[in-house]
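For reference, the structure discussed in these notes is given below.
The values are calculated or read from the model by the stated rules, or taken from the named source; none is laboratory data. Since we're looking at a predicted model, the values are computed, not measured. When we count neighbours, we look across all protein chains shown, and the Cβ atoms used for this are built from the backbone with ideal geometry, even at glycine. Please note that ligands, DNA and RNA were not included when accessible areas were found on the heavy atoms of the full protein model with its side chains. Shrake-Rupley method; radii C 1.70, N 1.55, O 1.52, S 1.80 Å.
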Amino acid sequence: QLTLESRLNDGTESTALVQNLNLETLNQGITYQVSRNLNPLPEGEFTLSFDGNDLSGLAAQRESYVVRLDRTAPLFMLSHTSGQITNNPTLNLNVDVFDHSPKTTTIRHQNAVRMVSTDSFFIVPITLFEGLNFITAESIDIVQNQAEPQTVTIELDTIAPQILNVTPANGAILNTLAFTVSGASNEKLSQVLVNNSLATLSQDQKSFSLP
């Protein structure tokens with residue numbers, strides 16, 4: 001008979017007697033192959049215990065093996081999210097991976113492999129390129145449960161913006177003290193100060209005016 005003593009992930013314990021096994025005798029009764037579709041069993045760690053008796057009724061010493069049933073893909077978390085802008089080209093990406101089975105996690109930067117790790121926590125040092133950087137994480141466990149790849153986009157901007165088309169122009173002669181200062185930029189702006197006064201940005205953040 002085959003006895004399953006199970007200890008599930010939530011701590012629940014149960015014992016089930018599996019009957020109607022497929023038993024195949026090999027090597028004139030010296031070797032036996034036992035098989036059966038055990039689905040649906042819950043995920044968890046199981047102890048398979050085998051008991052046998054010879055033709056004279058003598059019992060063999062029980063043999064037990066621990067196996068884990070795992071249908072769940074790894075779950076990983078990255079320390080950075082998409083949409084971030086930085087002026088620091090050095091990025092340390094923290095990676096947390098959760099899985100009850102051994103797993104392998106691969107980190108790619110601009111489609112090039114930067115690190116392959118079997119650890120549950122690791123840090124990947126990445127040197128960013130000017131502009132958009134695409135960082136992708138992939139993870140698969142030993143029984144081929146594969147997580148959905150996750151990609152974060154981080155922009156490196158180390159070039160100062162250019163202020164263009166400023167009015168009034170340098171050296172302009174005005175006949176009133178009430179006038180509007182306006183201009184544009186070659187990239188999005190976070191803020192514009194005119195004589196320490198905060199100007200109003202356009203919706204695309206590439207032009208400004210005051211008042």
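List every residue pair whose Cβ atoms sit under 8 Å apart, with the two residues 6 or more apart in sequence or on different chains, where the first one lies in segment 118-132 and is of a type outside the set (G, A, S) and the second, anywhere, is assigned to a loop (DSSP other than H, G, I, E, B) and open to solvent by 90 Å² or more (accessible area, probe 1.4 Å).
E130/I159
Of the conditions (1) touching a residue at least 60 places away in the same chain (Cβ under 8 Å); (2) within 30 Å of K188 (Cα to Cα), I140 fails just one. Which one is it?
(2) is the only condition that I140 fails.
Residue by residue through segment 164-181, note down the ones that are among the hydrophobic types (A, V, I, L, M, F, W, C), more than 14 Å from V194 (Cβ to Cβ) and outside any loop (DSSP other than H, G, I, E, B). Before the answer, list the steps.
Step one: list which residues in segment 164-181 are among the hydrophobic types (A, V, I, L, M, F, W, C), which gives 164, 166, 169, 172-174, 177-179, 181.
With more than 14 Å from V194 (Cβ to Cβ) added as a condition, the list becomes 164, 169, 172-174, 177-178.
Answer for segment 164-181, where residues must be among the hydrophobic types (A, V, I, L, M, F, W, C), more than 14 Å from V194 (Cβ to Cβ) and outside any loop (DSSP other than H, G, I, E, B): just L164.
Looking at segment 35-63 only, could you name the residues that are exposed (fewer than 12 other Cβ atoms within 10 Å of the Cβ) and not in a loop (DSSP other than H, G, I, E, B)? Step through it out loud before you land on a result.
Step one: filter segment 35-63 for residues exposed (fewer than 12 other Cβ atoms within 10 Å of the Cβ), giving 35, 37, 39-40, 53-63.
Within segment 35-63, S35, N53, A59, E63 meet the criteria.
Run down N94, N88 and say which single residue is closer than 30 Å to S190 by Cβ, assigned to a strand (DSSP E or B) and out of contact with any helix residue (DSSP H, G or I) (no Cβ under 8 Å at 6 or more places or on another chain). Even if it seems obvious, please write down each step before you answer.
On the way: N88 fails: assigned to a strand (DSSP E or B).
Going through N94, N88 in turn, just one is closer than 30 Å to S190 by Cβ, assigned to a strand (DSSP E or B) and out of contact with any helix residue (DSSP H, G or I) (no Cβ under 8 Å at 6 or more places or on another chain): N94.
Out of all the residues in segment 124-174, which are open to solvent by 50 Å² or more (accessible area, probe 1.4 Å) and of a type in the set (S, T, Y)?
Within segment 124-174, T127, T151, T158, T167 qualify.
Take the residues in segment 70-121 that are under 15 Å from Q150 (Cβ atoms) and among the aromatic types (F, W, Y); name whichever of them is least open to solvent (accessible area, probe 1.4 Å).
F76
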